[in-house]
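Report on one structure; see the data block that follows.
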Amino acid sequence: MSALIETSHLTKIYGSGETAVRALDDVSVTVQPGEFVAIMGPSGCGKSTLLNLLGALDLPTAGEVRIAGENLARLKDIDRFRARTVGFIFQLHNLIPTLTAAENVEVPMYGQGSDGRERKQRAAHLLHLVGLGERLQATPGQLSGGQRQRVAVARALANSPAILLADEPTGSLDSQSGEEILALLDELNREQGVTIVVVTHDRRVAQSTRRILRMRDGRIVDDHLLSDPYEEDLRTLAASRLGQALMGHNELHADYLNEAEKTVLVQVLDRIHKP
Ligand SMILES: Nc1ncnc2c1ncn2[C@@H]1O[C@H](COP(=O)(O)OP(=O)(O)O)[C@@H](O)[C@H]1O
Ligand SMILES: [Mg+2]
């Protein structure tokens, strides 16, 4: 499988001379189609800088970004490429206050070759998808924070991007609305196959993703794949003496079990007995 996002030796330095800030330092990372990745790390470690470079909102000082094999630095029409390939969600939704929810969702569709009727239909479809099918004509001021962020998600999906980049999308929301946005991203990833990279401080957000990149001082210091807890239990079981015994590699003696193995056994049996 070829990578959807690939950076090599990506470096970003803001300013020059004594005031220069090395916001990103030699970052090489790949993301496969369909992944749901969280970027975590302390404030100022370069998370937004990385996200902006992935979405071609800014240019690197050195190194390169490839999206679906295309080197962003070599693209002739970067605006068109960005509009079609990536959707952005920011901490503050940036909706246009004088436009309705539907009109806000239509904004990125202009210049992409669709006519007015198609734009309206697609905006309605996307707002249904994010659970706002009844609020097409509401302006941002008439919506709650969580609903506004849903509109922003729908807008980010306007041109069916392969990649959704979200920079602290739950950062300005109460925890209930945050969880709803999260569930929505999860659904988009699982059901529509959208590849998502989300910057977050929120542990809950990170836990609902399947991979966590931890950054510090402009570098990726940890790249951790999260597997299904059930699979993790089975793996632990398979590696245990009990697992070995069940698989016929060993003779089973109850006193072989340590506490951790007993716990796993109870959990697994519990799951097996549940429908
Ligand atoms: N436009 C800019 N000009 C100068 N320095 C910047 C700019 N944007 C970010 N920085 C600096 O780069 C570093 C990384 O910033 P950022 O990527 O926004 O971090 P994070 O999103 O992890 O909080 C910080 O030290 C920040 O002050
Ligand atoms: Mg940031």
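The values are calculated or read from the model by the stated rules, or taken from the named source; none is laboratory data. Keep in mind the model is a prediction, meaning the values are calculated, not measured. Cβ sites come from the backbone with ideal geometry, for glycine too, and all protein chains shown count toward neighbours.
Of the residues making up the range 18-65, those that are more than 13 Å from ligand 1 (Cβ to nearest atom), among the charged types (D, E, K, R), farther than 20 Å from residue 209 by Cα and surrounded by 15 or more Cβ atoms within 10 Å (Cβ to Cβ) are 26, 64. Here residue 81 clears all of (1) modelled with pLDDT of 95 or more; (2) surrounded by fewer than 18 Cβ atoms within 10 Å (Cβ to Cβ); (3) within 13 Å of residue 159 (Cα to Cα) except the condition numbered (1). There is at least one residue in the range 232-242 that is among the polar types (S, T, N, Q), modelled with pLDDT of 70 or more and outside the structural domain of residue 91 (by TED's automatic domain parsing).
At least 2 residues that are outside the structural domain of residue 205 (by TED's automatic domain parsing) in each: list the strands (runs of 3 or more DSSP E) lying fully within the range 9-111 that qualify.
It comes to 21-31, 62-67.
The numbered conditions (1) among the small types (Gly, Ala, Ser); (2) at pLDDT 90 or above; (3) not in a loop (DSSP other than H, G, I, E, B) are all true for residue 158 except (3). Close contacts from the range 122-135, counting a first residue that is in contact (Cβ under 8 Å) with a residue 12 or more places away in the chain and a second that is crowded, with 16+ Cβ neighbours inside 10 Å and among the β-branched types (Val, Ile, Thr), with Cβ to Cβ under 6 Å and a gap of 6+ residues or different chains, come to 123/105; 126/105; 130/153. For the range 169-189, taking the residues that are within 16 Å of ligand 1 (Cβ to nearest atom) and buried (at least 20 other Cβ atoms within 10 Å of the Cβ), the one that is nearest to the chain's Cα centre (by Cα) is identified as 169. Return yes or no: is residue 58 within 27 Å of residue 171 (Cβ to Cβ) and of a type in the set (D, E, K, R)? Considered against the rule, which asks whether it is within 27 Å of residue 171 (Cβ to Cβ) and of a type in the set (D, E, K, R), residue 58 comes out as yes. Within the range 145-168, being away from ligand 1 (no atom under 16 Å from the Cβ), among the charged types (D, E, K, R) and in contact with a helix residue (DSSP H, G or I) (Cβ under 6 Å, 6 or more places away or on another chain) holds for 148, 155.
What about residue 3, is it away from ligand 2 (no atom under 16 Å from the Cβ), hydrophobic (A, V, I, L, M, F, W, C) and exposed (fewer than 14 other Cβ atoms within 10 Å of the Cβ)?
No, not satisfied.
Of all residues in the range 158-170, those that are touching a residue at least 60 places away in the same chain (Cβ under 8 Å) have Cβ atoms under 9 Å from Cβ atoms of residues that are within 16 Å of ligand 1 (Cβ to nearest atom) and among the small types (Gly, Ala, Ser), 6 or more apart or on another chain, in 163/55; 165/55; 167/48; 168/48. For the range 190-225, name all the residues that are of a type in the set (A, V, I, L, M, F, W, C), within 16 Å of ligand 1 (Cβ to nearest atom) and surrounded by fewer than 18 Cβ atoms within 10 Å (Cβ to Cβ). 221, the sole residue that qualifies. Among the residues making up the range 112-123, those that are surrounded by fewer than 18 Cβ atoms within 10 Å (Cβ to Cβ) and either of a type in the set (A, V, I, L, M) or not in a helix (DSSP H, G or I) (or both) are 112, 113, 114, 115. If you go through the range 36-74 and keep only what is of a type in the set (Asp, Glu), more than 13 Å from ligand 2 (Cβ to nearest atom) and modelled with pLDDT under 95, you end up with just 70. Going by the structure shown, is residue 77 free of Cβ contacts under 8 Å to residues at least 40 places away in the same chain, more than 16 Å from ligand 2 (Cβ to nearest atom) and of a type outside the set (Val, Ile, Thr)? So residue 77 fits the description; yes.
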